[in-house]
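**Q** Below is the structure I would like to discuss, written out as structure tokens.
The values are calculated or read from the model by the stated rules, or taken from the named source; none is laboratory data. Since we're looking at a predicted model, the values are computed, not measured. As a convention, Cβ positions derive from the backbone with ideal geometry for all residues, glycine included, and neighbour counts pool all protein chains shown. Accessible surface is based on the protein model in full, side chains and every heavy atom, while ligands, DNA and RNA are left aside. Shrake-Rupley method; radii C 1.70, N 1.55, O 1.52, S 1.80 Å.
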Amino acid sequence: MHNLKVMEAAFYQSECAQPHPGRARAIIKAHPEVRQLMVRNPWTALIAVSIVVLQTAIACGMGTLGFSYWWLSLLLAFCIGAFANHANYVIIHDATHNLIFRSPSWNKMVAVIADLPNLTPGAMGFRVYHLKHHSHQGDYEWDADLANHWEARLVGNKWYRKAIWLMLFPFFQVTRPPRLKAVKMWDRWFSINLACAIVYDIAIVYFFGWAGFLYLVFAFLFSIGLHPVGARWIQEHYTYDFDQETFSYYGPINRLALNMGYHNEHHDLSSIPWNNLPKLRAIAPEFYGNLKYHSSWSRLVLQFIFDKRYSLYSRVERMKQNDRPQATRETANGEIDNLDLSARPIRF
């Protein structure tokens, strides 16, 4: 119970550097052939456009049927729209790392196009703070992937609050970037992202009506929230066993999620596009075989909601030098807890 109370009050404080740069160097030294996986995949842009066309076509169909078929919109959004929008989130992610085209501007344009069915201009803001997440993983002042303290305290570990938080995740996420250091969100590309989103939204309502728009709202909320693909946000870095801070998911939804589950692999070598991440694991199995991983996003959603060991504070935070005397934690036996962040052969 002591550990549970501590986890509700603060992130787990780690004195260790993040594990990914060191493992990346070791992988490249042991398997220099992985450099051949560091390529760009322009075909990803075609997938993005195809998904936008698919989502727009479904919105058109639902607009034709009208509001009386809201239940069908909800069903289609859960079964199709969530996976489609989530795949485009992965494409926005690869565009953020310039893994589609050589030109950063072309990558940004692909991200803006992929963002259209989401109805909100999130691609360019994501580009800014996601790169900080890689370089400053676990640093509260730089990493927007960590929840705000007020956010974590508000949600706690009550099951219904965690469910509401997951359902409204995108709205909580936009409150985090303002706390970050040296992050400029508004620039020319952010304005382009905003303008394109507004034009697309207006066009959907004008041509297909509010019933078509409603389908896209449902798809947006499911794709990033209370849905199996929403477990991605929990899978990547949440844990109540702090010997490991990044987790991969190896399950069937990866086929629809463009391998987004391969998160340890991505953090280790972020210059590898989505289609080559399974090849990295296959080439260097000795680096990933003993890491804990998730095999079911659906199970993880339920576990996160109903397991009281999970809260928004179930994350590793990097300690600063002047914080270390106050930040050490104690185990349930009263001993100082200095867990090693190396891997163990334990599977979730």
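**Q** Decide, for the chain, between rounded, prolate and oblate: order the square roots of the alpha carbon gyration tensor eigenvalues as a ≥ b ≥ c, take rounded if a/c falls under 1.5, and otherwise choose prolate if a/b is larger than b/c, else oblate.
**A** prolate
**Q** In addition: Just tell me which lysines come within less than 24 Å, Cα to Cα, of Lys108; anything on the same chain fewer than 8 places away is out.
**A** Candidates past the 8-residue exclusion: Lys132, Lys181, Lys184.
**Q** How many Å² of accessible area per residue for the chain, probe 1.4 Å?
**A** Accessible area per residue: 45 Å².
**Q** So, with +1 on the Cβ of K and R and -1 on the Cβ of D and E, and no other charges, what is the size of the charge dipole of region 144-219 about its Cα centre, to the nearest 20 debye?
**A** That gives a dipole near 420 debye.
**Q** For region 91-131, what size does the Cα cloud have along each of its three principal axes, sorted from largest down, in whole Å?
**A** Extents along the principal axes: 27, 19, 13 Å.
**Q** Going by a ≥ b ≥ c, the root eigenvalues of the Cα gyration tensor, does region 199-279 fall in the rounded group (a/c under 1.5), the prolate group (a/b larger than b/c) or the oblate group?
**A** prolate
**Q** How large is the dipole of the chain about the Cα centre if only Lys and Arg carry +1 and Asp and Glu carry -1, each at its Cβ, rounded to the nearest 20 debye?
**A** Value, rounded to 20: 260 debye.
**Q** Beta carbons within 10 angstrom, averaged per residue: use that to sort the peptides 134-145, 280-291, 228-239, 64-75, highest first.
**A** 228-239, 134-145, 280-291, 64-75
**Q** Cα to Cα, under 19 Å, and not fewer than 8 places away if on the same chain: which lysines meet these conditions relative to Lys308?
**A** Lys5, Lys158, Lys162
**Q** On to the next question. Apply the a/c threshold of 1.5 to the C-alpha gyration tensor of region 1-132 and tell me whether it is rounded, prolate or oblate.
**A** Oblate.
**Q** May I ask you to list the lysines whose Cα is less than 18 Å away from that of Lys279, ignoring any residue fewer than eight positions away on the same chain?
**A** Lys29
**Q** Turning to a different aspect of this structure: 5 Å is the cut-off here: which amide hydrogens, built 1.01 Å from N in the peptide plane, fall below it relative to Glu317, excluding neighbours closer than 5 in sequence?
**A** Tyr12, Gln13, Ser14
**Q** While we're looking at this one, here's another question. Based on C-alpha coordinates, I'd like the Rg and Dmax of region 58-175, in Å.
**A** 17.1, 48
**Q** On to the next question. Leaving ligands, DNA and RNA out of it, report the carbon-plus-sulfur percent of the accessible area of the chain at a 1.4 Å probe.
**A** Heavy-atom surface of the chain belonging to carbon and sulfur, 1.4 Å probe: 64 percent.
**Q** May I ask for the distance between the Cα centers of region 8-43 and region 134-211, given as a whole number of Å?
**A** Each part's Cα centre sits 25 Å from the other's.
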